[in-house]
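Notes to accompany the following structure.
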Amino acid sequence: MTATNNYNTTGPTKLDRNTIDSKINYVPNSKMTIFGRYSISPAMLYDPPTLGDAMGGATGGGQVGEAPSRIQNAGLGGTYTISPTMLVDVNAGYTRQRLGAQHAPDLDLGNFGLDVLKIPGTNGDTYLAQGTPAFIVSNWNSMGNSDTGNPFLFRDNQYVVNANLSWTRGRHDLRFGMEHTRSGLNHYQPQGGAFGTPRGSFQFLGSVTALNGGPAANKANSMAQFLLGLPDRVGKVVQNSNPNSLRFKTWSWYVRDRWQITPKLTMTYGLRWEFYPFATTDHGGVKLFDPKTGNVLVCGNGSVPLDCGVDVGHGQLVPRLGLAYRVGSKTVIRAGYGMSADSNNWRFFRNNWPLVSNADVQGSSVYYPAASLSGQTPAPYPGLRVGIPPATVPDLSSGVIPLPNNTGIGGATVPFKYRRGYFHSYNLTLQREFAGFVGEAAYVGTRGIRTLTNENINAASVGGGNAGRLLYSIANKNWGDANCLCPDTNSYYDGLQTKLTRRMSGGLMLGVVYTLSKAINSDDNEEVSGTFGVAGGYLFWPYPAYRNRNKALASYDRTHNLAIYGTYEFPFGANKRWATSGILNALASGWQLNWTLVRTSGNPLTLGGGGAQVNAPGNTQTPDQIGPVRILGGVGPTQIRGQSVSCAATDLSCHYWDPAAFRAVPGTEIRFGTTGRNIIRGPGFFNLDASLFRDFKITERVKFQLRMEVFGVTNTPHFGNPGTDVTNTAAFGVITSTLNLAGRGSGTGGERVFWFAGKVIF
């Protein structure tokens, strides 16, 4: 359901999905086994348009119309016994993922904007560019197909093959092998930020019909402007290659030995080599921005080599070592160390310029339209264009294209000497059985070296403005932010991980898991707007002089993490204490209660807002801390009887922390605030889930399971984080929402939810 002003709409949003799995095993002789498997999962997601034939976005907020998908997976493998001590296994797999939103209701209308509305420049030469243009009228619901991500069609393939040799020789259990993967993206999704569509987009803000020097434009002005067909902004996005493709591979070889040194001591050690060649496309190389020249290189075109001259090295050797020592019959000591390569692939090249050409035109002033849609040029605007001008498609044949002014690089660039990062992981664990308990305590540490970071290589210093951006001097052009996936920051994790379990008589099992940890890094794990599939975060202060400000607690750091779980088999039925036979046995036997309680610390937050006078594009402004931090624990009222209410800055009862401890940087001071990254924690998390199961035996091979699950047993709210913008006094330090834990069955904020289900098991 969606609601805009006083208009409400509902529609039958639905998802249909089926999954079919099949597998065949074949044993031709005593030495060989062969298997084959195939799975297919077709699905259809339907989200109706808000305004019916007038479109206006999806009712449920997703992709308007039908969005079909089909995922297929096939595998083939086998084993062959060479000798009693030697075995070979080989496996191959293929996954095909087809996702799309190419069945919007307006697509079958043909080139509606061009042929019916007669607006030049709309629609395109492919079926997926048909349909209705977007009419975005300020303070009104949009009309037409205004979804900038619709339509899209993804056809992605992944291949994997591996072969392994196992050889037992005396006290040594040796294993050798290799693995090769190949992934391919084939995408159609022309996007132009939050405005452009492949059908054409028109924006009406109301300024053209507002009085110059008079009151601000209102909804009447924007509707009048729409009726006159005089948009403030027009645009259309054209994808320059269909499909937009990407190819990337990995190679790995390894050797491993498990050595039983003594009956009490086992050592496992090995070495692995991993190699990640540079990405390509289906008919050439990727597009890569060169920050030294300001040019975009089209790898494989002209004199540009297929890999653009990027040196990815010769792969990495990563060792592993593990020890297990048994002290008596009840104590085991384990220690391990492993080094692993950063496995991030090259998928972020998907959006690099010039993936699309964007014709995006605005009027010469707020009172002058960008174009006319009526087919005529109104008298007050001589020479006004009609419709959307054609997009400029660059010539890629030379392989070297200067990046135009006021154009972003799209996705991300990488260093031309790419030194892939790696991780050190190590642990020391003591496990002991005592008094019926099994206890375990472990120190676990991880060090990330040169972890992949999405950093802006075109930031400016304090007061520098756009002209002070790092790359401005190359061509005196404003390219805005330029993201680099650069492997050049470190991360740290240290944790004490403990576990205690006890299986008691009477069918009761209890377990407690507790972790005390600390995580430090330099970038928050959030996807950067405009990048596709970027794993990793971004630097708040990428300008070289300020980079040391980034190192702080990681956004995922949780100091305390406690879980208590257990199961209890009710003492009724055969081999139990009570109700061993008769009608009571039939009713009460076989029930089992399960529960899991979780309590964690809140995650660290970064405060922001204000201080625009710092004029350092690409960096993040933070407030000053002017007093001690006080956690009050209050929750702000969001609605009373359907009416939104606010929390006064002086009312501490509805604040989670005291807002008086912080302020925006004074307007007379050109500097960053004194606070850094992740200086304050949000609320913690508490949840208790439980379930009650019973199996009813129908035949020897068939049983029916009845189950009841309760999520959020205590009905404890899962609060979202407070507002972090110091200039928004109504929300700063105020909790106004609950977490949406989709997929956990916990509703949207910790409310108690019951599930009842039955399952046939055979």
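The values are calculated or read from the model by the stated rules, or taken from the named source; none is laboratory data. Remember, predicted model here, so these are calculated numbers, not experimental data. Using ideal geometry, Cβ is built from the backbone for each residue, glycine included, and neighbour counts are taken over all protein chains shown. Side chains included, ligands, DNA and RNA excluded: accessible areas come from the protein's heavy atoms. Shrake-Rupley method; radii C 1.70, N 1.55, O 1.52, S 1.80 Å.
Scanning segment 187-240 for residues that are among the aromatic types (Phe, Trp, Tyr) and under 24 Å from residue 100 (Cβ atoms) returns 188, 195. Restricting 158, 203 to residues that are in contact with a Gly (Cβ under 9 Å, 6 or more places away or on another chain), surrounded by 19 or more Cβ atoms within 10 Å (Cβ to Cβ) and either touching a residue at least 60 places away in the same chain (Cβ under 8 Å) or assigned to a loop (DSSP other than H, G, I, E, B) (or both) narrows the list to 203. Among residues of segment 385-397 that are touching a residue at least 60 places away in the same chain (Cβ under 8 Å), those with a Cβ under 6 angstrom from a residue that is of a type in the set (Val, Ile, Thr) and assigned to a loop (DSSP other than H, G, I, E, B), sequence gap 6+ or separate chain, pair up as 387/119. Of all the residues in segment 357-377, those that are under 37 Å from the mean Cα position of the chain (by Cα), more than 16 Å from residue 222 (Cβ to Cβ) and not hydrophobic (A, V, I, L, M, F, W, C) number 3.
Filter segment 24-53 down to the residues that are open to solvent by less than 80 Å² (accessible area, probe 1.4 Å) and of a type in the set (Phe, Trp, Tyr), then identify the one that is nearest to residue 140 (Cα to Cα). Result: 46. When 515, 498 are checked against the criterion of being at pLDDT 95 or above, in contact with a Phe, Trp or Tyr (Cβ under 8 Å, 6 or more places away or on another chain), assigned to a strand (DSSP E or B) and open to solvent by less than 70 Å² (accessible area, probe 1.4 Å), 498 stands alone in meeting it. Among residues of segment 6-23 that are in contact (Cβ under 8 Å) with a residue 60 or more places away in the chain, those with a Cβ under 9 angstrom from a residue that is of a type in the set (Val, Ile, Thr) and open to solvent by less than 90 Å² (accessible area, probe 1.4 Å), sequence gap 6+ or separate chain, pair up as 7/50. The set of residues in segment 54-88 being within 15 Å of residue 102 (Cα to Cα), surrounded by fewer than 19 Cβ atoms within 10 Å (Cβ to Cβ) and not polar (S, T, N, Q) consists of 62, 66, 68, 70. Looking only at residues in segment 553-577 that are of a type in the set (A, V, I, L, M, F, W, C) and touching a strand residue (DSSP E or B) at 6+ places or on another chain (Cβ under 7 Å), which one is nearest to residue 482 (Cα to Cα)? Restricting to residues being of a type in the set (A, V, I, L, M, F, W, C) and touching a strand residue (DSSP E or B) at 6+ places or on another chain (Cβ under 7 Å), the top hit is 554. Taking the conditions exactly as written (surrounded by fewer than 19 Cβ atoms within 10 Å (Cβ to Cβ) and within 32 Å of the chain's Cα centre (by Cα)), does residue 327 satisfy them or not? Answer is no for this residue. Scanning segment 103-141 for residues that are on the phi > 0 side of the Ramachandran plot and surrounded by fewer than 20 Cβ atoms within 10 Å (Cβ to Cβ) turns up 110, 118, 139.
Checking 206, 214 one by one, the residue that is of a type outside the set (D, E, K, R) and on the phi > 0 side of the Ramachandran plot is 206 and no other.
Exactly one residue out of 297, 323, 355 is out of contact with any Phe, Trp or Tyr (no Cβ under 6 Å at 6 or more places or on another chain), among the aliphatic types (A, V, I, L, M), under 25 Å from residue 390 (Cβ atoms) and touching a residue at least 12 places away in the same chain (Cβ under 8 Å), and it is 355. Note on segment 276-285: among residues that are touching a Lys or Arg at 6+ places or on another chain (Cβ under 9 Å) and buried (at least 17 other Cβ atoms within 10 Å of the Cβ), the one that is nearest to residue 336 (Cα to Cα) is 276.
The requirement of being open to solvent by 20 Å² or more (accessible area, probe 1.4 Å) and either over 22 Å from residue 426 (Cα atoms) or in a loop (DSSP other than H, G, I, E, B) (or both) is satisfied by residue 478.
Using the structure shown, decide if residue 704 is more than 17 Å from residue 724 (Cβ to Cβ) and of a type in the set (A, V, I, L, M, F, W, C). For residue 704, the condition - more than 17 Å from residue 724 (Cβ to Cβ) and of a type in the set (A, V, I, L, M, F, W, C) - is met.
Of the residues 602, 633, 627, 667, the single one that is assigned to a loop (DSSP other than H, G, I, E, B), without any contact (Cβ under 8 Å) to a residue 60 or more places away in the chain and within 30 Å of residue 712 (Cβ to Cβ) is 633. Answer yes or no as to whether residue 675 is open to solvent by 50 Å² or more (accessible area, probe 1.4 Å) and not aliphatic (A, V, I, L, M). When the stated conditions are applied, residue 675 does not pass them. Kindly provide the set of residues from segment 607-616 that are out of contact with any Pro (no Cβ under 9 Å at 6 or more places or on another chain) and buried (at least 20 other Cβ atoms within 10 Å of the Cβ), ordered by number. Of everything in segment 607-616, those that are out of contact with any Pro (no Cβ under 9 Å at 6 or more places or on another chain) and buried (at least 20 other Cβ atoms within 10 Å of the Cβ) turn out to be 614, 616.
Taken over segment 684-707, the criterion of being within 15 Å of residue 590 (Cβ to Cβ), open to solvent by 40 Å² or more (accessible area, probe 1.4 Å) and at pLDDT 90 or above is satisfied by 692 alone.
Inside segment 25-58, residues that are among the polar types (S, T, N, Q) and under 23 Å from residue 113 (Cβ atoms) make up a count of 1. Report, ordered by the first and then the second residue, all pairs with beta carbons closer than 6 Å, sequence separation of six or more or different chains, a first member in segment 456-474 that is open to solvent by less than 20 Å² (accessible area, probe 1.4 Å), and a second member that is assigned to a helix (DSSP H, G or I) and among the hydroxyl-bearing types (Ser, Thr, Tyr). As it stands, the answer is none, since no pair meets every condition given. Of the residues 60, 36, 11, the single one that is small (Gly, Ala, Ser), out of contact with any Asp or Glu (no Cβ under 7 Å at 6 or more places or on another chain) and outside any strand (DSSP E or B) is 11.
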